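The structure appears below as structure tokens.
The values are calculated or read from the model by the stated rules, or taken from the named source; none is laboratory data. Not measured: the values here are computed from a predicted model. Glycine also receives a Cβ, built like all others from the backbone with ideal geometry; neighbour counts cover every protein chain displayed.
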């Protein structure tokens, strides 16, 4: 093959490779452009409304005002929201910001007055797409439920309980059965400001605290005195109406012995049992929060192992303004 033919073949191959390269480049460019779908004003507005709902902001407190678009980029309207004074606006804005991972989105905030009112602006590729005025209003209040957690079956181990306290995002009280182990942990619990309630159930086995049918009145009285002296007159004591103790002939005498010492016994019927598989626990918890709005405080009795499952949901409903008090404060 002569030089001329070789040159022609090389040129043809090079031309073919260049053509293929151009086609691949165009395809990649087209794919990149498809991936870079610009976030719309509607998406930003939906995210804003999602956050206001998360924080329990009533839709009646949110207004939309039409504006002239001449000097406001592509803005056609702005939002104005009244914010209850127990809401932290910077926290709302922080949560709003986490909904945007696209680097083309720029979020700006300006504190418009010393009382904390804020202006929120969102731009995409340097074009303003959203604006909201967040104004505190002392005349509005969020509806809320009052929830108390009572934790049962907790390990009688201070380190485990302290770790639980650090992880669990709400106040709670432990439900303890009188025993030698629980006796030894009372003072450490008090030092660490961990609340506890006492459950007078059929599992009491310690000789000093045992209450059994057939015991003499002297022995029953001595057990009542021992329980109160160890766990305190200020503690709240529960009994279960399905227990052997409650259905025994000695219950009225035992109850009266506690009353003589200014200690009232509370029925387990005051407590709402929260149990089940993970999804059931979460659904029930959300239901009890929703049904508890503007009603009497609700005391939720939950197993130690199950309680931590609700960590995320508790944090979310706290943002909406629901109150989680120390459980014993809700026992009337």
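Please name all residue pairs, on different chains or six or more residues apart, with Cβ atoms under 9 Å, provided the first residue is in the range 111-140 and is on the phi > 0 side of the Ramachandran plot and the second residue is not in a strand (DSSP E or B).
From residues that are on the phi > 0 side of the Ramachandran plot, the pairs are 116/85; 116/88; 116/89; 116/90; 125/38; 125/104; 126/73; 126/104.
From the list 30, 69, which residue is loosely packed, with under 11 Cβ neighbours inside 10 Å, out of contact with any helix residue (DSSP H, G or I) (no Cβ under 9 Å at 6 or more places or on another chain) and at pLDDT below 90?
Values: 69 fails: loosely packed, with under 11 Cβ neighbours inside 10 Å.
Sole residue among the options that is loosely packed, with under 11 Cβ neighbours inside 10 Å, out of contact with any helix residue (DSSP H, G or I) (no Cβ under 9 Å at 6 or more places or on another chain) and at pLDDT below 90: 30.
Would you confirm whether any residue within the range 132-154 is part of a helix (DSSP H, G or I) and assigned by TED's automatic domain parsing to the domain that holds residue 286? Outline the logic, then answer.
If we filter the range 132-154 for residues that are part of a helix (DSSP H, G or I), which is where we start, we get none.
There is no residue in the range 132-154 that is part of a helix (DSSP H, G or I) and assigned by TED's automatic domain parsing to the domain that holds residue 286.
Out of (1) exposed (fewer than 13 other Cβ atoms within 10 Å of the Cβ); (2) part of a helix (DSSP H, G or I), the odd one out for residue 288 is which?
(1)
Tell me whether the range 211-231 contains one or more residues that are touching a residue at least 60 places away in the same chain (Cβ under 8 Å), in contact with a strand residue (DSSP E or B) (Cβ under 7 Å, 6 or more places away or on another chain) and assigned by TED's automatic domain parsing to the domain that holds residue 311. Break it down stepwise before answering.
The initial filter retains those residues of the range 211-231 that are touching a residue at least 60 places away in the same chain (Cβ under 8 Å), namely none.
No: the range 211-231 contains no residue that is touching a residue at least 60 places away in the same chain (Cβ under 8 Å), in contact with a strand residue (DSSP E or B) (Cβ under 7 Å, 6 or more places away or on another chain) and assigned by TED's automatic domain parsing to the domain that holds residue 311.
Within the range 228-244, which residues are more than 17 Å from residue 195 (Cα to Cα) and crowded, with 18+ Cβ neighbours inside 10 Å?
239
Since residue 185 meets every condition but one in (1) surrounded by 12 or more Cβ atoms within 10 Å (Cβ to Cβ); (2) at pLDDT below 95, which condition does it not meet?
Single failed check for residue 185: (2).
Would you please name the residue that is surrounded by the most Cβ atoms within 10 Å (Cβ to Cβ), looking only at residues in the range 291-324 that are farther than 28 Å from residue 155 by Cβ and at pLDDT below 90?
Going through the qualifying residues, I end up with 292.
Would you confirm whether or not the range 142-154 contains a residue that is closer than 30 Å to residue 289 by Cβ, surrounded by fewer than 16 Cβ atoms within 10 Å (Cβ to Cβ) and without any contact (Cβ under 8 Å) to a residue 40 or more places away in the chain?
First, the residues of the range 142-154 that are closer than 30 Å to residue 289 by Cβ: 142-154.
Subsequent filtering for residues that are surrounded by fewer than 16 Cβ atoms within 10 Å (Cβ to Cβ) retains 143, 153.
Filter once more, keeping what is without any contact (Cβ under 8 Å) to a residue 40 or more places away in the chain: none.
For the range 142-154, residues closer than 30 Å to residue 289 by Cβ, surrounded by fewer than 16 Cβ atoms within 10 Å (Cβ to Cβ) and without any contact (Cβ under 8 Å) to a residue 40 or more places away in the chain: absent.
So, in the range 249-290, exactly how many residues are touching a residue at least 60 places away in the same chain (Cβ under 8 Å) and out of contact with any strand residue (DSSP E or B) (no Cβ under 8 Å at 6 or more places or on another chain)?
Total meeting the criteria: 1.
Of these, 316, 307, which one is assigned to a helix (DSSP H, G or I) and closer than 18 Å to residue 195 by Cα? Steps first, please.
On the way: 316 fails: closer than 18 Å to residue 195 by Cα.
So the residue among 316, 307 that is assigned to a helix (DSSP H, G or I) and closer than 18 Å to residue 195 by Cα is 307.
Residue by residue, here is whether (1) within 21 Å of residue 319 (Cβ to Cβ); (2) in contact with a helix residue (DSSP H, G or I) (Cβ under 9 Å, 6 or more places away or on another chain); (3) surrounded by 13 or more Cβ atoms within 10 Å (Cβ to Cβ); (4) outside the structural domain of residue 76 (by TED's automatic domain parsing) holds:
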{"position": "87", "(1), (2), (3), (4)": "yes, yes, yes, no"}
{"position": "91", "(1), (2), (3), (4)": "yes, yes, no, no"}
{"position": "100", "(1), (2), (3), (4)": "yes, yes, yes, no"}
{"position": "107", "(1), (2), (3), (4)": "yes, yes, yes, no"}
{"position": "113", "(1), (2), (3), (4)": "no, no, no, no"}
{"position": "118", "(1), (2), (3), (4)": "yes, yes, yes, no"}
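How many residues, within the range 271-285, are surrounded by 11 or more Cβ atoms within 10 Å (Cβ to Cβ), touching a helix residue (DSSP H, G or I) at 6+ places or on another chain (Cβ under 9 Å) and assigned to a helix (DSSP H, G or I)?
Selection size over the range 271-285: 3.
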